[in-house]
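The values are calculated or read from the model by the stated rules, or taken from the named source; none is laboratory data. It should be emphasised that the depicted structure is a prediction, and the values quoted were computed from it without experimental measurement. Using ideal geometry, Cβ is built from the backbone for each residue, glycine included, and neighbour counts are taken over all protein chains shown. Only protein heavy atoms, including side chains, enter the accessible area calculation; ligands, DNA and RNA are left aside. Shrake-Rupley method; radii C 1.70, N 1.55, O 1.52, S 1.80 Å.
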Amino acid sequence: MASAAEQLASNLSFSTFAKAEDLKKRLWFTLAALLVYRLGTHIPLPGLNPEAYAQAFRGQAGGILGLFNMFSGGAVERMAIFALGIMPYISASIIVQLMTSVVPALENLKKEGEQGRKIINQYTRYGTVLLGALQAYGIAVGLESGSGLVVDPGLFFRISTVITLLGGTMFLMWLGEQITSRGIGNGISLIIFAGIAAGLPSALAGTLELGRTGALSTSLILAVIVIAMAVIAVIVFVERAQRRLLIQYPKRQVGNRMFQGDTSHLPLKLNTSGVIPAIFASSLLLLPATVAGFANTTALPSWATAIVAALGHGQPLYMLLYAALIAFFAFFYTAIVFNPKDTADNLKKHGGFIPGIRPGERTAEYIDFVLTRITVIGAVYLVFVCILPEILVSQTGIPLALGGTSLLIVVSVTLDTVAQIQGHLIAQQYEGLIKKSKLRGGKRGR
């Protein structure tokens with residue numbers, strides 16, 4: 001039988017949305033914030049030669065710069081003030097999460113609730129400043145090493161570049177937090193989503209132009225569209241799928257009254273690690289090609305040139321390592337973000353237990369067993385979604401607008417945002433029902 005929340009969700013209509021004034025304000029704020037972000041991706045970094053930089057970027061678009069350019073909404077391609085994007089914040093967040101499972105002091109902060117979370121968030125901001133400054137300085141030095149990329153190289157250019165790029169990242173971090181608190185959805189995820197979605201129209205137009213000129217057949221384009229729709233359906237299904245463990249709570253006596261024990265569920269997502277394994281695997285595999293591109297290829301030894309060639313997009317070694325790294329990071333990151341022992345201890349503390357499983361260590365072992373099995377399914381799913389676009393590109397030559405990583409981000413963020421909008425509408429319906437019941441109770445009292 002459907003729950004009350006599910007019944008309310010099925011009854012949502014346009015009239016409910018029209019009455020949701022707070023939700024509309026949040027949506028308008030979110031759209032305005034994303035518009036500010038998109039404008040910032042077109043403000044160029046001072047002191048650059050645009051023509052020389054555009055030519056240099058085209059030679060490195062297939063490396064890690066291309067991945068960063070996708071996440072930054074084209075800001076790297078234009079070397080705009082938001083060229084670093086939100087990636088330093090994401091990297092700092094991942095590092096802090098990893099450290100919470102290694103450093104006892106951070107692990108204790110994580111257990112302190114809201115206050116501990118605020119302190120961990122502050123550490124994440126400090127890490128963002130450090131990583132952003134290092135990356136911005138590296139970009140400044142790299143730009144100066146290029147031929148004719150910088151109009152007036154020197155200390156002033158490096159300082160101004162670090163201040164500008166780091167300031168852009170900190171502004172985006174603040175903007176993401178504002179979207180989360182005053183808008184709708186997760187602000188950081190929406191900023192990445194907006195950057196990826198901004199490149200879709202031009203990529204789609206380029207594909208259609210190839211079809212018009214005859215470079216790609218119409219049947220091939222239609223087949224790719226059908227495959228893309230099927231992959232999106234798979235992503236939606238898996239991202240919403242859960243393995244629910246039944247939790248029971250014993251009967252309790254209050255005074256002379258005996259209350260029946262409650263039952264609930266412990267939801268375990270099939271893909272607990274999210275999109276992090278794909279991002280990590282892509283970054284690691286694209287790093288050798290990027291370093292080789294910046295270096296003088298004629299000066300590289302033959303073995304290094306062979307490795308770089310074998311790690312190119314569409315090569316068998318690249319796909320094999322890509323799949324292996326995705327599977328590894330899926331298990332590794334799941335182990336970091338979900339601790340079966342802590343979950344078992346919390347259940348035992350509140351009197352909950354899994355039927356047929358002894359509380360404590362046996363419960364932790366059972367949760368870990370179930371989590372390992374569903375992580376296998378999640379890892380296979382991630383490998384499938386990320387490898388399939390690579391196979392299509394290598395076999396057909398069609399320039400796909402969305403790779404596996406970006407497709408995962410777009411669909412996941414869309415699902416999360418729609419769920420939050422639905423949650424606001426359900427909350428409003430609850431408030432409306434409560435007000436009606438109070439009015440009816442007041443009329444009966446009279």
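Of note:
- Considering segment 327-383, and only residues there that are polar (S, T, N, Q) and touching a residue at least 60 places away in the same chain (Cβ under 8 Å), the residue that is most open to solvent (accessible area, probe 1.4 Å) turns out to be ASN339.
- VAL102 assigned by the TED database to the domain that holds GLU177, aliphatic (A, V, I, L, M) and touching a helix residue (DSSP H, G or I) at 6+ places or on another chain (Cβ under 6 Å): no
- Any chance TYR89 is at pLDDT 85 or above, assigned by the TED database to the domain that holds ARG158 and within 18 Å of ILE163 (Cα to Cα): yes
- Here ILE409 does not fit the description of being of a type in the set (A, V, I, L, M), farther than 22 Å from ILE235 by Cα and part of a helix (DSSP H, G or I).
- Residues in segment 350-358 include at least one that is in a loop (DSSP other than H, G, I, E, B), among the basic types (Lys, Arg), in the same structural domain as GLN242 (by the TED database) and over 11 Å from LEU245 (Cβ atoms).
- Condition check for GLY40: on the phi > 0 side of the Ramachandran plot and open to solvent by less than 70 Å² (accessible area, probe 1.4 Å): no
- Looking only at residues in segment 191-226 that are surrounded by 13 or more Cβ atoms within 10 Å (Cβ to Cβ), within 24 Å of the chain's Cα centre (by Cα) and of a type in the set (Val, Ile, Thr), the one that is nearest to LEU392 (Cα to Cα) is ILE196.
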